[in-house]
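Step one of this worksheet: look at the structure below.
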Amino acid sequence: MNKRKLIVANWKMNLNTSQASMLLHRLHERIRIHRDIEVVLAPSMLTLQPLSVQIDRRKFRLAAQNAHHKDEGAYTGEVSFTMLQDLVHYAIIGHSERRIYFEESLETVRDKVAASIRNDITPLLCIGETDIEHREGQTRQVLHDQIVSGLADVSSTDVKEMVIAYEPVWAISTFGGKLAKPSDIKPIFDFIRNQVKDLYGPKAAKEIRVLYGGSVDDQTARGYLEIEGCDGVLVGGASLNYVKFSGIVSSAYRMLNEKDDQSEK
Ligand code: PEP
């Protein structure tokens with residue numbers, strides 16, 4: 001069962017090819033390999049191919065930030081999961097910026113999750129409530145709808161490999177970036193796993209990886225990583241800064257090493 005801590009960098013629509021290559025170089029210098037940590041970089045579509053040649057695959061994996069749900073056809077300007085198959089291991093799907101700015105519906109997200117799996121790319125499904133939904137007490141209903149629809153076409157075998165990232169929209173830097181307390185996130189993680197349990201049973205609920213995202217940086221990462229049932233973090237803004245992002249990976253590194261030391265005592 002793959003339960004390594006997953007640290008994902010979402011570079012969004014930032015960095016041209018040479019800037020991305022420089023950032024990768026800096027991260028390569030600072031990040032050490034740890035058997036229980038997986039570092040995933042999601043650069044722009046344009047940069048995926050050159051980075052795939054440069055990357056040290058023992059240290060990093062690549063993710064797409066988006067793709068079209070059809071495998072091929074007359075969809076001018078789009079790139080399909082089929083085209084990305086040889087380049088990426090993961091795909092971020094249903095990010096709040098896509099749901100809000102590009103009006104991606106629950107059905108579109110569902111179809112992208114299915115297309116990703118069909119093309120052997122692990123979906124990293126983002127879910128999260130907006131500020132208003134949060135204040136009006138609708139968090140659980142919104143997450144329920146996003147999980148049930150996002151997983152509608154996913155088999156019980158495939159769901160265990162998937163990743164769900166809980167990213168409250170109000171905590172993402174783009175939309176206000178209020179810091180969430182780890183103690184407030186823990187019950188939501190339990191709720192997410194319970195939803196998966198209701199749909200697929202206890203084994204899938206245990207095995208699916210659940211991440212946190214929302215203004216995570218090198219100062220706050222450990223608080224989230226220590227939440228029971230947290231399998232990692234999805235990082236936006238801070239992932240563009242090699243000191244901060246490598247600091248987040250170091251936090252995971254230190255936490256795991258301390259746990260190893262304690263279990264040896
Ligand atoms: C994100 O966009 O997924 C994200 C978590 O962004 P930030 O870390 O900048 O809040």
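So which residues in the stretch 156-177 are in a loop (DSSP other than H, G, I, E, B) and either touching a strand residue (DSSP E or B) at 6+ places or on another chain (Cβ under 8 Å) or more than 10 Å from the ligand (Cβ to nearest atom) (or both), if there are any at all?
Residues of the stretch 156-177 in a loop (DSSP other than H, G, I, E, B): 160-162, 167-168, 172, 176-177.
Lys160, Glu161, Met162, Glu167, Ile172 - these are the residues of the stretch 156-177 that are in a loop (DSSP other than H, G, I, E, B) and either touching a strand residue (DSSP E or B) at 6+ places or on another chain (Cβ under 8 Å) or more than 10 Å from the ligand (Cβ to nearest atom) (or both).
Among the residues of the stretch 43-61, write down those that are more than 11 Å from Ala20 (Cβ to Cβ) and either within 18 Å of the chain's Cα centre (by Cα) or of a type in the set (Phe, Trp, Tyr) (or both). Matches in the stretch 43-61: Met45, Lys59, Phe60, Arg61. For the stretch 182-206, a tally of residues being more than 21 Å from Ser149 (Cβ to Cβ) and touching a residue at least 12 places away in the same chain (Cβ under 8 Å) returns 5.
Within the stretch 159-181, residues that are of a type in the set (Asp, Glu) reach partners that are modelled with pLDDT of 95 or more and more than 10 Å from the ligand (Cβ to nearest atom) with beta carbons closer than 6 Å, at six or more positions or on different chains, in the pairs Glu161/Thr122.
When the stretch 1-56 is limited to residues that are assigned to a loop (DSSP other than H, G, I, E, B) and among the acidic types (Asp, Glu), the one that is nearest to the ligand (Cβ to nearest atom) turns out to be Asp36.
Taking the residues in the stretch 244-259 that are within 15 Å of the ligand (Cβ to nearest atom) and of a type in the set (A, V, I, L, M) as candidates, determine which candidate is surrounded by the most Cβ atoms within 10 Å (Cβ to Cβ). So the residue we want is Ile248. Within the stretch 87-113, residues that are within 14 Å of the ligand (Cβ to nearest atom) have Cβ atoms under 6 Å from residues that are small (Gly, Ala, Ser) and part of a helix (DSSP H, G or I) in these pairs: Ala91/Ser116, counting only partners at least 6 apart in sequence or on another chain. A residue that is touching a residue at least 40 places away in the same chain (Cβ under 8 Å) and touching a Pro at 6+ places or on another chain (Cβ under 8 Å) occurs nowhere in the stretch 16-39. Scanning the stretch 168-176 turns up no residue that is within 19 Å of Val8 (Cα to Cα), of a type in the set (Phe, Trp, Tyr), buried (at least 19 other Cβ atoms within 10 Å of the Cβ) and touching a Gly at 6+ places or on another chain (Cβ under 8 Å). The residue of the stretch 57-86 that is farthest from the ligand (Cβ to nearest atom), among those that are surrounded by fewer than 20 Cβ atoms within 10 Å (Cβ to Cβ) and assigned to a helix (DSSP H, G or I), is Thr82.
The values are calculated or read from the model by the stated rules, or taken from the named source; none is laboratory data. Because the structure is a prediction, the values reported are computed rather than measured. Every residue, glycine among them, receives a Cβ derived from its backbone with ideal geometry; neighbour counts consider all protein chains shown.
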